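Colleague: Encoded as structure tokens, here's the structure I'll be asking about.
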Amino acid sequence: MSGMAGPGSDSLERPQGLRAWLDAEEPTSLRQARAQRAWRGWQAFLGHRLGVVGLVLVVGLVLVALFAPWLATYDPLIQVMDERLQPPSAAHWLGTDHLGRDIYSRIVWGARTTLRIAVLVAVIVAPIGLAIGATAGYLGGIADEVLMRVTDIFLAFPGLILALGFAAALGPGINNAIIAIALTAWPPIARLARAEALTIRSSDYIAAVRLQGASRTRLIARHVVPMCLPSVVVRVTLNMAGVILTAAGLGFLGLGAQPPWPEWGAMVAVGRQFMFDSPWVVAAPGIAIAVISLAFNLFGDALRDMLDPRSA
Amino acid sequence: MLRHIRNTIVGSTALALVSAAALAATPPDMLVIGTDVGAIPTLDPAALNARTVSELVSNLYDNLLKLDPDNLQSVQPMLAESWEVAPDNASITLKLRDDATFSSGNPVTAEDAAWTIQRVIKLGQVGATDLAQWGFTADNVDQLVRAEDDQTLVIELPEQVSTDLVLYSLAGSSLGIIDRQAALEHEADGDLGRDWLRANAAGSGPFTLVEWRPDDIVVTERREDYWGGTPAMRRVIMRHVPESGNLRLQLEAGDVDIGQYVGSGDLDALAENEDMEIQHTPGFGFYYIALNQKDPDLSKPKVREAFQHVLDWEALSQSSMRFNGFPWQSIIPQGMAGAPEEFVEKFNYDPERAKELLAEAGYPDGLKKKLYPASDGHLLNAESLQATARLAGIELELVPGNHVPEFRARDFEVYTGNSGGRLPDPFATATHYAFNPDNSDEAQLSGYYMWRTAWDVPELTELTNESKRESDPEKRAQIFREMDEMYQELDPSLIVFFQRVDPYVVRGEVEGYVGHPTWSTRWADVTKN
């Protein structure tokens, strides 16, 4: 754990050194207090071994997606019919599919598709869920009733079925798949944010802010939402596994990314035909899906333990 | 945390695995056919033209005539013992056998046969397609088709038409002879028994319908008193096994005797299995690329020609098309009058040539179009086309799904699919590929593929009409040769690459199951060792 000095931090100039500054008994500035909290959280996180494994895998996914053009050994779209359904070998690390395309390269490029879905869904879902939940929780009354009943309607259907319905109605395509998944993923977030907001709204500091004449919008945006954020982040991370599985499910059913673009779920779907004689065609993308959803779960669990004040 | 992990594992495993149901091995007097009975909307002969249901109906009903699967041009007697064509080719007289009975016990009479033909025409559903081409209409069919006595049926032809074509059409599964009394007993609101026959059978065939559960199973039982002798199989069952891998496992385990619609990957493996035989039954249709002529780019002859060079059909014939077709670049099916003796290569796979042609047509930077496969079964071919077309500078955006409705509505750009027919004559494929009597949108002639692509060549349409009228075999062959040549010279909107083959996987102990090119495979002669 030595050598954790973060580059770009001006605190390096301090004579006591970064570690001492972070471990100081009494923080002397707001910035130090915040840095210390993050530092302790990080240490707690490192103690969570499975969580670290999850984080490493998630970071790995990001790196693979970023550097796909350099990591892939072949063009993922080039078909070589003479080399169809080849088992894993030195030339094709994970074998080839039914059209003679290199599976390893398709998995690498498929990471981009998966990451794109995961990131975009998170970016869409978290703000919507937060806004609706915090507003409903803080305002209460009619607003709460209306917003929560709408949320209930969405929650009343199984997520995958609802996503399927939206994807089918919007038409196949990766952007539509993202919209469909986002439409089904925000209600649990809103529920969670509302629960947090309910406990926050009667706290003294909120009353103080209100007495100072802050507007409702300001109150919710600046004082309620930040307090809901940690649990929402945990929730979104834990949901990522579900999102990736749903995305793979949509791809499997032909409603996700469209051919020839590699998408793990769609790769499993076409590989099914060749499953008995060429199991690698299904196994490689199947394992990729399982590993990445597992990684998000492990990471999310560790994150929850770290951010949850009750378990600390 | 464990709960999340478990959910993840269960979810991803369910995605990759499909459970295989274990069944008992089939008894010696029972035939189990693993197939796709999912798309059967009705058992009414007048309303069907699809493959699986045609086979079923061909065993519940008898036809007046039948076609020998090994020699399709030879018409064989069935309910009709003999038939006579008038010297002027204007009428056909059929003599029915007197010992055939329906499953209800009623005797089969010429009255039933006449009523069946009249009914098909009056209902005007897909089953009427063939007969309607010979000029029969709801108004004239009562006068033209009539029973002289219990055993004599007279069919007068409304216009000049090759009598062979008429005889072939009588052997089609849509003209299974229906028990008139039984159907009329269940008639509701003058529907000619249509509602009742949807889920019931009233035929004289060797098997009777015991149970039909849509999307699950069809159970049939033999008739001990069948006029053609009691079939060896006590029961024949069609099981719905839509998943190819599942079907393969069941075939290997002996739970299923016959496999239909097995995927190409599984066929590769079953071909290696000594317990199985794969029958390659040629069909009257082709695998093609269709170009919508309403599209200003695709209607240029040079662009159409370019598309002839963008499919690597040789590679496909070794992979996804290994069991589903063979290379064929003529619109006359192999072995038919006017067809080339053997495969003739008229265009090769050459993306560079396609690129040149596109440049000559005014698209030096290539083209961007949408590609619609007919169904998921065509996805492999479509993906392959997409990749090879890219090398020629044609960017095809693939839209997976079932796009037959868009094709019928002329609402597509590039389409890939296959055709099939039940009439064993080049006239049948000519009506698909070289017949378009009215190219307007309002005409709605969606039965003709040439209309679907909005390609209008009156000369081809005229040749097709001529082939219908002509009875002399030599002259007909000449007409089809001329048609085929003209078709290719014009750089057609429907580019034919393969002739269709329907693979049937048959387990070794089954004898006498012969896949029929017109989809009327009969089970009466099937035995098992």
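Colleague: Report yes if some residue within the range B:392-404 is under 23 Å from B:I479 (Cβ atoms) and under 17 Å from the mean Cα position of the chain (by Cα); otherwise report no.
Modeller: no
Per-residue answers, yes or no, for (1) closer than 18 Å to B:D491 by Cα; (2) more than 14 Å from the chain's Cα centre (by Cα); (3) free of Cβ contacts under 8 Å to residues at least 12 places away in the same chain:
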| position | (1), (2), (3) |
| --- | --- |
| B:D411 | no, yes, yes |
| B:N418 | no, no, no |
| B:G421 | no, no, no |
| B:A430 | yes, yes, no |
| B:P437 | no, yes, no |
| B:L445 | no, yes, yes |
| B:W451 | yes, yes, no |
| B:A454 | yes, yes, no |
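Colleague: Still on this structure, I have one more. If you check A:P127 against the conditions, is it surrounded by fewer than 23 Cβ atoms within 10 Å (Cβ to Cβ), out of contact with any strand residue (DSSP E or B) (no Cβ under 9 Å at 6 or more places or on another chain) and over 19 Å from A:Q258 (Cα atoms)?
Modeller: yes
Colleague: Would you say B:V108 is in contact with a Gly (Cβ under 6 Å, 6 or more places away or on another chain) and of a type outside the set (K, R)?
Modeller: Spelling it out, it is not the case that B:V108 is in contact with a Gly (Cβ under 6 Å, 6 or more places away or on another chain) and of a type outside the set (K, R).
Colleague: Residues of the range B:46-96 being closer than 30 Å to B:G259 by Cβ and among the basic types (K, R), which ones?
Modeller: B:R51, B:K66
Colleague: Further, regarding this structure: What are the residues in the range B:495-511 that are over 17 Å from B:P27 (Cβ atoms) and either outside any strand (DSSP E or B) or among the hydroxyl-bearing types (S, T, Y) (or both), if any?
Modeller: B:Y504
Colleague: Among what's in the range A:130-178 and is farther than 30 Å from A:G254 by Cα, of a type in the set (V, I, T) and surrounded by 14 or more Cβ atoms within 10 Å (Cβ to Cβ), pick the residue that is nearest to the other protein chains (Cβ to nearest Cβ).
Modeller: Going through the qualifying residues, I end up with A:I132.
Colleague: Picking from A:R116, A:R101, which residue would you name as being closer than 30 Å to A:P259 by Cα and surrounded by 22 or more Cβ atoms within 10 Å (Cβ to Cβ)?
Modeller: The conditions single out A:R101.
Matching residues to (1) in contact with a Leu (Cβ under 8 Å, 6 or more places away or on another chain); (2) modelled with pLDDT under 90; (3) more than 30 Å from B:L72 (Cα to Cα):
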residue: B:E224; (1), (2), (3): no, no, no
residue: B:M238; (1), (2), (3): yes, no, no
residue: B:R248; (1), (2), (3): yes, no, yes
residue: B:I258; (1), (2), (3): yes, no, no
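Colleague: Let me ask something else. Residues to consider are B:E356, B:E352, B:E314, B:E305; find the one that is farther than 30 Å from B:Y168 by Cα and within 14 Å of chain A (Cβ to nearest Cβ).
Modeller: B:E314
Colleague: I would also like to ask the following. Would you check if there is a residue in the range B:307-317 being in contact with a Phe, Trp or Tyr (Cβ under 8 Å, 6 or more places away or on another chain), in contact (Cβ under 8 Å) with a residue 60 or more places away in the chain and among the charged types (D, E, K, R)?
Modeller: yes
Colleague: Could you please give the count of residues in the range B:313-328 that are within 23 Å of B:Y449 (Cα to Cα) and surrounded by fewer than 21 Cβ atoms within 10 Å (Cβ to Cβ)?
Modeller: Number of matching residues: 2.
Colleague: Quick one: A:V268 ticks every box in (1) more than 9 Å from chain B (Cβ to nearest Cβ); (2) surrounded by 24 or more Cβ atoms within 10 Å (Cβ to Cβ); (3) closer than 30 Å to B:Q250 by Cβ bar one, so which box is it?
Modeller: All conditions pass for A:V268, except number (1).
Colleague: Among B:W227, B:W212, which is closer than 25 Å to B:L64 by Cα and in contact (Cβ under 8 Å) with a residue 12 or more places away in the chain?
Modeller: After ruling out the rest, the residue left standing is B:W227.
Colleague: Every residue in the range B:393-436 that is of a type in the set (D, E, K, R) and surrounded by fewer than 20 Cβ atoms within 10 Å (Cβ to Cβ), please.
Modeller: B:E395, B:E397, B:E406, B:R408, B:R410, B:D411
Colleague: When the residues of the range B:93-119 are narrowed to those that are in contact with a Ser or Thr (Cβ under 6 Å, 6 or more places away or on another chain) and part of a strand (DSSP E or B), which ends up farthest from B:H280 (Cα to Cα)?
Modeller: Taking the candidates together, the pick is B:P107.
Colleague: Shifting gears a bit: When the range B:92-103 is examined, which residues are found to be hydroxyl-bearing (S, T, Y) and within 28 Å of the chain's Cα centre (by Cα)?
Modeller: If the condition is that a residue be hydroxyl-bearing (S, T, Y) and within 28 Å of the chain's Cα centre (by Cα), then B:S103 is the only one that fits.
Colleague: Same structure again: Right, B:A188: buried (at least 24 other Cβ atoms within 10 Å of the Cβ), among the small types (G, A, S) and more than 17 Å from B:L96 (Cα to Cα) or not?
Modeller: no
Colleague: State all residues of the range B:383-398 that are among the hydrophobic types (A, V, I, L, M, F, W, C) and more than 8 Å from every other protein chain (Cβ to nearest Cβ); if no residue qualifies, say none.
Modeller: B:L385, B:A389, B:L391, B:A392, B:I394, B:L396
Colleague: Confirm whether B:D88 is over 24 Å from B:Y226 (Cβ atoms) and loosely packed, with under 15 Cβ neighbours inside 10 Å.
Modeller: Criteria met by B:D88.
Colleague: Next question, about the same structure. Test A:A283 against the criterion of being within 14 Å of A:I103 (Cα to Cα) and either modelled with pLDDT under 95 or within 9 Å of chain B (Cβ to nearest Cβ) (or both), and give yes or no.
Modeller: So A:A283 passes the test.
Colleague: Among the residues of the range A:33-81, count how many are over 30 Å from A:D97 (Cβ atoms), within 14 Å of chain B (Cβ to nearest Cβ) and either at pLDDT 95 or above or loosely packed, with under 15 Cβ neighbours inside 10 Å (or both).
Modeller: Number satisfying all stated conditions: 1.
Colleague: Do we have any residue at all in the range B:185-195 that's charged (D, E, K, R) and touching a helix residue (DSSP H, G or I) at 6+ places or on another chain (Cβ under 6 Å)?
Modeller: Looking for residues that are charged (D, E, K, R) and touching a helix residue (DSSP H, G or I) at 6+ places or on another chain (Cβ under 6 Å), one finds none in the range B:185-195, hence no.
Colleague: On to the next question. Do we find a residue being over 27 Å from A:R84 (Cα atoms), more than 12 Å from chain B (Cβ to nearest Cβ) and not aliphatic (A, V, I, L, M) anywhere in the range A:297-308?
Modeller: yes
Colleague: Further, regarding this structure: Scan the range B:317-336 for residues that are of a type in the set (A, V, I, L, M, F, W, C) and within 14 Å of another protein chain (Cβ to nearest Cβ) and jot them down.
Modeller: B:M321, B:F323
Colleague: For residues that are among the charged types (D, E, K, R) and either touching a Gly at 6+ places or on another chain (Cβ under 6 Å) or part of a loop (DSSP other than H, G, I, E, B) (or both), tally how many sit in the range B:306-361.
Modeller: Of the residues in the range B:306-361, 8 are among the charged types (D, E, K, R) and either touching a Gly at 6+ places or on another chain (Cβ under 6 Å) or part of a loop (DSSP other than H, G, I, E, B) (or both).
The values are calculated or read from the model by the stated rules, or taken from the named source; none is laboratory data. What you see is a predicted model, and the numbers here were worked out from it, not measured in a lab. Reconstructed Cβ throughout: ideal geometry from the backbone, glycine too, with neighbour counts over all protein chains shown.
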